[in-house]
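First up is the structure itself, then whatever we jot down about it.
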Amino acid sequence: MKNEDFNDIYRKYHRFSVKSAYRLVKDRMLAEDISQDTFVNLYKKRNSLNLSNKRLMKALIFSSTCN
């Protein structure tokens with residue numbers, strides 16, 4: 001996966017990740033930190049991600065954020 005592809009994923013799902021984390025922790029800054037950790041972990045696995053299935057990507061980001 002190219003960095004541009006990952007940047008597109010980040011731009012598309014970052015807000016979703018922050019909102020998901022915020023629902024759990026009720027702290028905006030902590031939610032931002034959790035989201036950043038989520039995307040760092042996804043970046044490390046970027047070559048094994050299936051970008052063609054948007055529903056699967058959203059589920060993966062949600063589950064990674066919550067964990």
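The values are calculated or read from the model by the stated rules, or taken from the named source; none is laboratory data. Being a predicted model, the structure only gives us computed values, none of them experimental. When we count neighbours, we look across all protein chains shown, and the Cβ atoms used for this are built from the backbone with ideal geometry, even at glycine. Heads up: the accessible areas ignore ligands, DNA and RNA and are worked out on the full protein's heavy atoms, side chains in. Shrake-Rupley method; radii C 1.70, N 1.55, O 1.52, S 1.80 Å.
Quick notes on this structure:
- Packing-based order for 50-60, 5-15, 29-39, using average beta carbon neighbours within 10 Å, highest first: 29-39, 5-15, 50-60
- Solvent-accessible area per residue for the chain (1.4 angstrom probe, square angstrom): 72 Å²
- More than 15 angstrom apart: percent of Cα pairs within the chain: 45 percent
- With contacts taken as Cα pairs under 8 Å and at least 6 residues apart, the chain reaches a relative contact order of 39 percent.
- Portion, in percent, of the accessible area of region 1-52 that falls on carbon or sulfur, probe 1.4 Å: 49 percent
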